[in-house]
Amino acid sequence: MGGEVFAIGVASVAEALSISVQAGVPVLLWGSPGTGKTSVVRALGERLGWPTEIVIGSIREPADFAGLPVVIDGAVQMAPPLWARRLAAAGHGLLFLDELTTAPPAVQAAMLRVVLERVVGDLTLPAAVRVVAAANPPEEAADGWQLSAPLANRLVHLDWPVDAQSVSQGIAMGFPAPPRFDDRVPDAAQTLAARALVGAFLEVRPALVLAVPTVAEHAGRAWPSPRSWESVARLLAACDATGASDDARALLVLGTVGEGAGIELLSWLVHMDLPNPEEVLADPDGFELPERSDRAFAVLTAVASVAIAHGDAASWSAAWRVVARVADKAPDVAALAARNLAGARPPGAELPAGLLHIAPVLRTAGLMGREGQGDPPPA
């Protein structure tokens, strides 16, 4: 059955869940008990054709994640549990960590290494094993605990909605699986462009780079850190690759860095109205140069990143023509892009003629001598 039987809220969360799995960013579904969180994860595993291992945190001990010590050939090794060995043998799959908020802090601490490093005992899980978790709000969980801040900051937090229509239709006709996106992987240009956008936003709002909550309740949900901004960049690239809806994109951003920082980023992206980096490279002299410095920074970093991802002389030279246009208004911004371009010069690539008027930028990039005389060095 198709996803059309979901109400809009459920459909968007299911889409966001699939995109997180595709991007390899661990995701946590928040919801009341008995609302179908486990069922939707199982359905996603079936749609992907992946094995799904369900590990319930409330009935586990730290050793179930850190491994049990065994002596083999006179050496102590940390033996992984069977569920980890099965996933490693399959080479891919979904690891579903259920009931996180009923797991005591010692168990959460042991889970942290699984989420962060993908290590269980002495076993490293394959990269194609993706982590999905579920939790009840602490006030609805038996003997509930708040999530630790380090664990919470490594997850995309999605609230699993419940509405009468989706439940009634699901009971009558079967609950549909989330969409499948595992075959839509971001290319290098999409990845670098997304990173450039996030970096440009943080240049404008440096206070949001790290904002650790001081209230325990907030620390157990999404909050901004360099790690979570890195995840935002990966998720934005995945959204571009999958053609994600605006609702799913917003859910992923808000669920990764929190509402305050997430709303600021989404608003900034909407009002930036930036040109497509590919179109700028195709016509570097014809696009409209932004007046605002933050928009100029975003355009230039995205264009330089995409040109570097292409790796060809034509894109590299076109990016330099864009640098030259920005240099007159924002030399500091141009210098940053110039350094990146200079470090990724393709064989045989030459600077476009007429760039000596931006000699300070070229000198900063190491493409001219200190005296500013003569042509740039050959490739």
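Listing for the model above:
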quantity	calculated
Relative contact order for the chain, counting Cα pairs under 8 Å that sit 6 or more residues apart, in percent	17 percent
Cα-projected label distance for Asn276 with Ala344, points at 7 Å along beta-carbon direction, nm	2.0 nm
Nearest 10 degrees, 0 to 90: helix 313-327 Cα axis against the chain principal axis	80 degrees
Cα gyration tensor shape of segment 3-267, rounded if a/c is under 1.5, else prolate or oblate by comparing a/b with b/c	rounded
Built amide H within the under 5 Å cut-off of Asp159, gap 5+	Trp30
Cβ crowding within 10 Å averaged over residues, with 252-259, 100-107 ranked highest first	252-259, 100-107
Net charge of Cβ neighbours under 13 Å - reference Ala318; Lys, Arg +1; Asp, Glu -1	-4
Relative packing of peptides 337-344, 301-308, 262-269 - highest average C-beta neighbours within 10 Å first	301-308, 337-344, 262-269
Segment 96-122 residues near the modelled Met78 label - backbone nitrogen below 14 Å, point 7 Å along Cα→Cβ	107-122
Label-point separation in nm, Ala127 to Ile171, each point 7 Å along Cα→Cβ	4.5 nm
For Val107, net neighbour charge (Lys/Arg +1, Asp/Glu -1) across residues whose Cβ lies under 11 Å away	-2
Angle between the chain longest axis and helix 246-257 axis [Cα atoms, degrees, rounded to 10]	80 degrees
Centroid-to-centroid separation of segment 181-226 and segment 283-322 [C-alpha atoms, Å]	22 Å
Surrounding net charge for Val70, when Lys and Arg each add one and Asp and Glu each subtract one, Cβ distance under 15 Å	-2
Folded to 0 to 90 degrees: helix 188-204 orientation relative to the chain principal axis, Cα	80 degrees
Mean Cβ count within 10 Å, highest first, over the residues of peptides 221-228, 123-130, 9-16	9-16, 221-228, 123-130
Ala133 long-range amide H proximity, modeled H, under 5 Å	Val27, Leu28, Leu29, Leu97
Gain in span if fully extended, Val70 to Val209, counting 0.36 nm per residue against the direct Cα distance	45.7 nm
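Computed from the coordinates by the stated procedures, all read-outs in this text should not be read as laboratory data. Keep in mind that this is a model prediction, so the values were computed, not measured. Cβ: placed from backbone, ideal geometry, glycine included. Neighbour counts: every protein chain shown.
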